[in-house]
Structure formats: structure tokens, C-alpha cells
1. Would you be able to tell me the number of residues in segment 118-140 that are without any contact (Cβ under 8 Å) to a residue 40 or more places away in the chain, among the charged types (D, E, K, R) and assigned to a helix (DSSP H, G or I)?
2. Looking at segment 18-36, which of the residues that are within 25 Å of the chain's Cα centre (by Cα) and modelled with pLDDT under 85 is least open to solvent (accessible area, probe 1.4 Å)?
3. Of the residues 42, 56, 72, which is open to solvent by 20 Å² or more (accessible area, probe 1.4 Å), at pLDDT below 90 and part of a strand (DSSP E or B)?
4. I need the full set of residues from segment 141-198 which are open to solvent by 80 Å² or more (accessible area, probe 1.4 Å), of a type in the set (Gly, Ala, Ser) and outside any helix (DSSP H, G or I), in order please.
Amino acid sequence: YVKPEYGARSLNQFIIDSSKVSLGHFLNQLKNFDESKDEQAKFLTNLVAQANGHIKHIKGHERFENEHASLKSSFCVHECITDVVKEYRVICFGFGEKQYFFERTRNEANDGVTSNEIEYALLDQAAHPDIQDGLREALGALQIFHGALDVVVTSDGRWSIIEISNQYGGADIPPQVKLNIIQETLQHLISHANRYTK
């Protein structure tokens, strides 16, 4: 998976079969092209077409397809995890002291790439103590007060953070849970601020 280091995840994201396409060559082509938005769109179309189906371009919201065309972007790359059995959106605050786990479920037609319709179900907060401990340690060490994390669990029980953001999809969260999150976040912020004002 390749995407610009900044910007929404669905903008100019590429899924590459790196056994058929040189990832280094592909990234070099992306980094060295710096033209108008229209020229960038043509360039990306040709680049993907030349790969004979081994590169999939996820354009996301069409009007922002080439938002970064005039910038020399750096790109982040991560390897496909092929044996994912569970996906979670985890909302953490207080440096990971409080966590809300939402299981992400997809409909059958949703491949998680071109179709991204997702349902979120709130889980028992004690469902994953190992993940909770790991997230608490990570957010504390990184000094991240609040974060919405995408976490995946594989068939052999390993887990990984896929993405961290400072926002979450509010429309997907039940209103009462959102209210709880806001109230508890404020309590943690006040508690945190009080440590520095005494």
C-alpha cells in the first residue's frame, strides 16, 4: 500500500503487487512527477495502465484526486497483511488510559478498498487486555493524548496498529457513546492540566 504522507487515506492510494512491480521504481516515478493537476491525472492513469493490473489506484473523492500534484510528496508504504480476521477502530484518550473498542464489519460486497461501507459495534471494554496494555504503553511513550487507531488482528493472534489519527468517524458512533467520550476526554484533560498548574 502506498499513499502520500499527508492527506486523507483515500487520496491517491495505490495497492501494488510488489512481486510483479518494482516498488522502488514506482515510488521514484511518483516523486519525480510535478506537473499541473490535469497532467498529473493523465500521468497516474498511464502509470497504472502500464502495470497490467498489478497496480490498483484508489482515487477516493474525485475532485481532490490530485490534491498534492504541485508538491514534491514523500510517501508512506506498508505491507499487505493477508490473514486479518478482526478489524477495530479504537478511540483512546488520557494517553491510552481510556479506550473504546469498536469492531469493524464489512458487507459481503465490500473489499475494503474501492467499497468501504463499514459498520461499527461497540465491544466489551475488557475484550482485549493484551491490546489495551500495548496501546496504553505506546500512547504513553509517544505522548499522544488522544487518538483514533485502526487495529487489526491476524489469524495467529498477532495485532498491529495500521493507522493513528486525531479524529474519528463521529457519524459511525452512537450519540450516547460520543457524549461519554467527550465527557471522559474533558475529565482526562482537566486532570492532566491540573498536574502542571499545582
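1. So the count comes out to 2.
2. In this case the residue turns out to be 30.
3. Result of the check over 42, 56, 72: 56.
4. 155 - this is the single residue of segment 141-198 that is open to solvent by 80 Å² or more (accessible area, probe 1.4 Å), of a type in the set (Gly, Ala, Ser) and outside any helix (DSSP H, G or I).
The values are calculated or read from the model by the stated rules, or taken from the named source; none is laboratory data. Just so it is clear, the structure is predicted and the values come from calculations on it, not from any experiment. Cβ coordinates were reconstructed from backbone atoms using ideal geometry, including for glycine residues, and neighbour counts include every protein chain displayed. When the accessible area is computed, the model is the full protein with side chains, heavy atoms only, and any ligands, DNA or RNA have been set aside. Shrake-Rupley method; radii C 1.70, N 1.55, O 1.52, S 1.80 Å.
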